[in-house]
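A short reminder: the numbers here are calculations on the coordinates, not readings from a lab. Note that this is a predicted model, so its numbers are computed, not measured. So basically every Cβ, Gly included, is an ideal-geometry build from the backbone, and we count neighbours across all protein chains shown.
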Amino acid sequence: MRDVALALAVLEGPDGADWYAMPLPPAARDDATLRVGWTHTAFGAVEDEIASAIEHAARALADSGAVVEPAEPAGFADVDANALTLQLYGVEAGAYFDELVGDRRSDLHPAMQQRLDLPRATLAEYVAAEAAVERLRRDLASFFRRYDVLLCPTAPVVAPPHDAEEIRIGGAAFAPRVSMRATIPFDLTVAASRGCRSRSSWSGGASRTRPCSARAPRSRLPRPRRPSVPAA
């Protein structure tokens, strides 16, 4: 955790390249004025152990003097972020790999081949997905005008077995991708606050995983650079 904290101290802050993140000085906050909104329902059902860990963390913050109350960004619970990801990244990554890989697709891992073979969204579907993500960005920005921290799960279950073909929550079976449904919304809305400063650890949390995420607005992440592809 010390290494992660050090890296975060280097990365956080506005980078001058993102209009969502203004170069403002850090807000001076202490425990008595920290405003925390917490939820374990914004991303669908979670295991009881995950819900208990979130509630434990919320009580710990309240005991430290923070203002803590149940709250979640509006609209997050009503959006299938997994579907948005497949629509947006399917088109974008597909176009990128078409250029990069060319006629060597058979050299890719079968899982990547399968992903690239999925039907790609139409232009209308892509534009609609972009609009849905922009609404999520606005919802998140609105939330952080009222709260300093969003305390929420980063996974709906404790660590599942490797290569599990399904994940069970409350007796119901889900596809393994459901394990990412609490993090994908923040992948999609990363530009809203240039990510969200996220810390995924809490004492007294669930076993076999780190399910709690205290998220606060921040900026500056290194932008990935697309490798140049020489013309044939």
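Say R0 is 35 Å: what FRET efficiency, to the nearest 0.05, do Ala141 and Val10 get from their beta-carbon distance?
Approximately 0.90, to the nearest 0.05.
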Seminar exercise, completed: Label model pair Ser106, Met1: point-to-point distance (7 angstrom along the Cα→beta-carbon line) in nm is 5.1
Exercise. Based on the Cα gyration tensor of the stretch 115-196, what are the three equivalent ellipsoid semi-axes, each the root of five times an eigenvalue, rounded to whole Å and given largest first?
Worked result: 26, 22, 10
Seminar exercise, completed: Placing each pseudo-label 7 Å from Cα in the direction of the beta carbon, Leu123 and Glu92 end up separated by a distance in nanometres of 2.0
Problem set entry | Average Cα contact separation per residue, the stretch 34-126, under 8 Å, 6 or more apart, as relative contact order % | 30
Problem set entry | Cβ charges +1 (Lys, Arg) and -1 (Asp, Glu), total dipole of the stretch 84-129, debye | 100
Seminar exercise, completed: Residues whose modelled amide H sits under 5 Å from the amide H of Ile169, counting only those 5 or more places away in sequence or on another chain, are Phe174
